[in-house]
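Taken together, the values in this text are just the output of simple stated rules run on the coordinates, not laboratory data. Bear in mind that the values here come from a model prediction, so they are computed numbers and not experimental data. Note that each Cβ is placed from the backbone with ideal geometry, even for glycine, and that neighbours are counted across all protein chains shown.
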């Protein structure tokens, strides 16, 4: 999806790492949401790892890459990312019910 990049590389890297770690802790490292978050963040590694830019050219962020600039504003991206992450790490209603049931009937 065409979008604008966040100006602070430090914030972008930090929030991405924190998001993936939160998913891994909450859902497990091999959960589809965790793997999807890591995979979708992988193209941005070329911003920070020079060996991912053969000949100095970015593979994913160049003219021929998958990443395109667009009108999708940073503020909207942050709100959506926070909402999606919140939904993915929130306890599910089913797990809350199972936990309450196990507290009531410890021997079962």
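Quick one: check the C-alpha center-to-center distance for segment 1-59 versus segment 73-90, whole angstrom. The distance from the Cα centre of segment 1-59 to that of segment 73-90 comes to 15 Å. At full extension, residue 77 and residue 38 could sit 12.3 nm farther apart than now, given 0.36 nm per residue minus the alpha carbon distance. Taking label positions 7 Å along the Cα-Cβ direction at both residue 87 and residue 30, the computed distance is 2.7 nm, reported to one decimal.
Highest-first packing order for the peptide set 79-89, 12-22 is 12-22, 79-89, based on the mean count of other beta carbon atoms within 10 Å.
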